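Every read-out reported here was derived from the displayed coordinates using simple, explicitly stated rules and does not represent laboratory data. The structure presented is a predicted model; accordingly, all values stated were derived computationally and were not measured. In this analysis, Cβ positions are derived from the backbone assuming ideal geometry, glycine residues included, and neighbour counts consider all displayed protein chains.
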Amino acid sequence: MKKNFYILQIEENEELAKQIDEMIEEKYDFVTKNKTVKSGEEAIEEIQKEMPDFIILNQKLVGITGLEMLRQCQELKIKLPTIVVIIDESISKKVELELYDLGVKYICKRPLNDIQIRYVLHYIETNYKRSIKIEKDDMVRLTNKHTEPLLKNLSKERTPYQVRLIGFMLIHLIENDLEYSAENKKEIYEFFKQKDNLEDNIINEIKESIEGIIEENYVGNEPIKKLNYDINKDDIQKEFFDKLKENVLNDIIAESN
């Protein structure tokens, strides 16, 4: 499940519009709508119908310019998302400053070079990630929603605190776009050690609790599963966190749409 993410391109040059469309489609599968209009007037109408999450705007248009379109949006009290402006030629410092004052994040000149393309893509990705960020309390609430049910599958010796360790790890993985895997979990635990100035024995206890819960949740009372876990524990641990991450991210996206 993906958050709806709509990019509106305001560009009369069909060749350039197609180039940018292909660039976005090749790089990002989270873009659910990518529409092009050819004039500032048409763009204002479109924005009033449906607010995009990101705008790519050509300054030089038939009819009103990109700058004039932004001025009109301001007069209409339309709060726009992040905007990237493309120019055909040099603009005055005064125009440049006014574009930035009106919410433009980045100005690039055509033809687009590799560096400019990377910047445009960077702003698209950054805005998508920002759009699905939620408050810390909500993150804790959603991780608890998916970790607390684990308690019913665990022995009575397991405590709610130990299960919350799973939640803390899950929040760290989501917020830093990480995977819990055999290749990187050593670095993850080292991060927690340095961050909270913890002793090695505390880190080992945390690691043992987390891995023990994963094992117990997976094995249950089935000896065959125990054998499989012993052979494939790295893959099973990764799959455990991957599934939890997917569930929490789906909830975050549903709440942010």
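Numbers for the structure displayed
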read-out: Amide H within-cut-off set for Ile91, under 5 Å, with H built and near neighbours excluded; value: none
read-out: Principal axis dimensions, largest first and in whole angstrom, of region 1-51 by Cα; value: 33, 26, 6
read-out: FRET efficiency estimate (nearest 0.05) - Cβ-Cβ, Arg164 to Asn201, R0 25 angstrom; value: 0.80
read-out: Value at 222 nm in deg cm²/dmol, rounded to 500, when DSSP H runs of n ≥ 4 in the chain each add -39,500 (n - 2.57); value: -20000 deg cm²/dmol
read-out: Residues whose placed amide H lies under 5 Å from that of Phe54, excluding near-sequence neighbours; value: Tyr6, Leu8
read-out: Cα-Cα separations in the chain greater than 33 Å, expressed as whole percent; value: 40
read-out: Rg/Rh for region 136-256, where both radii come from Cα atoms and Rh is the Kirkwood radius; value: 0.95
